[in-house]
1. With labels modelled as points extended 7 Å from the Cα through the Cβ direction, what inter-label distance (nm, one decimal) is found for residue 104 paired with residue 50?
2. Can you pull out the GluC sites (Glu not before Pro) in segment 102-182 that DSSP calls coil and that have at most 12 other Cβ atoms within 10 Å?
3. Distance check, please: which entries in 9/85; 52/280; 259/280; 177/228; 26/107; 162/240 exceed 32 angstrom between their Cα atoms?
4. Obtain the nm distance between the two label points defined at residue 222 and residue 78 by a simple spin-label model: each point lies 7 Å from its Cα along the Cα-to-C-beta direction.
5. Considering the chain as a Gaussian network with a 10 Å cut-off on Cα pairs, which listed residue, 19, 152, 144, attains the greatest mean-square fluctuation?
6. What length, rounded to one decimal in nm, is gained on full extension from residue 122 through to residue 2, with 0.36 nm per residue of separation minus their alpha-carbon distance?
7. If the only charges are +1 at each Lys and Arg Cβ and -1 at each Asp and Glu Cβ, what is the size of the charge dipole of the chain around the Cα centre, to the nearest 20 debye?
8. So for the chain: antiparallel DSSP bridges make up what percent, rounded to the nearest 5?
Amino acid sequence: MTGFGRAEKNAGDKTFLVDIKSLNGKQFELQLKLPAFLKPFEFDIRRLLSEKLTRGSVDCMISLKDTGSAKPVTINTDLAKSYYKPLAELSAALNLDASHILSTLVKLPEVITPSSDTLTDSEWQEFQQILETAIGNLNTHRLDEGKSLEEDLLVRINNILKLQEEVIRLEPLRQQKIREGITRLLEENVGKENYDGNRLEQELIYYIEKIDISEEQVRLKNHCDYFKTLLAESEESKGKKLSFILQEIGREINTTGSKAYDSTIQKCVVLMKDELEKAKEQVLNVL
């Protein structure tokens, strides 16, 4: 969701500069700064930004560049007075010359504005095109970042699948270790001739079935394959879906770890979790 877009163009006799910056965010949050004469169009501007950018913390600044043409202006006296008092107090506190406060006041936002200046219908249509150009530039930046994100996410998921292959390879060895360990404990504490071998086999089968992780491995692979399939699709706004799938992947990894009772498999689980956390961080950047 990170990106930057800029557009500068004339609309009638006005020259607009539009800067849009987008950062990661679960919802669409907009900070909008625009000239006073664009206030009547604020809701339309917000709607256009929301529809085109979907998600993220967006900072949009629209400014009117000086074209050199003289126009009547209005001085907001009340606003200037409200600015003056804290500036005068600051000057006194810092022992600064207060004679230059006026030159500072006239440069502050909304103190001096063009009088009765507004956009005609044709100028508004032209301005929308300028805004859409800036949005398009930002989305192009997002797409470039998205390609890098896609490559990194694929690496993380493929690493999880490779570690899962190692878990599947170790699974028969784990069962054999469990069988041998229980048998050895019985022989040491009860004696080889003093326990029922058939009953031991029944208990071993029950215990091994209880800690069996084959179903978790099937679901884990299915989730990873679905993640890769969804990642390759051209569908827009799939970041939340990818995040949900990662949660399911994490659930299967955690269950595998809780059932493993094997140090080698536990190491694989820890490495899987590390890859998963990196994928979760990256998927926050996906719309």
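The numbers here are math on the coordinates, done by the rules we state, and not lab data. In this text, all values refer to a predicted model and were calculated from it rather than measured experimentally. Note: ideal-geometry Cβ built from the backbone for every residue, glycine included; neighbour counts use all protein chains shown.
1. Going by the 7 Å Cα→Cβ label model, 3.8 nm.
2. 110
3. Values: 9/85 38 Å; 52/280 25 Å; 259/280 24 Å; 177/228 35 Å; 26/107 36 Å; 162/240 25 Å.
Among 9/85; 52/280; 259/280; 177/228; 26/107; 162/240, the Cα-Cα distance tops 32 Å for 9/85; 177/228; 26/107.
4. 6.6 nm
5. 144
6. Details: separation 120, 0.36 × 120 = 43.20 nm, distance 3.23 nm.
So the chain would gain 40.0 nm between residue 122 and residue 2.
7. Working: 40 positive and 48 negative charges, 81 e Å.
So the magnitude is around 400 debye.
8. Working: 21 of 27 bridges.
Here the share of antiparallel DSSP bridges comes out near 80 percent.
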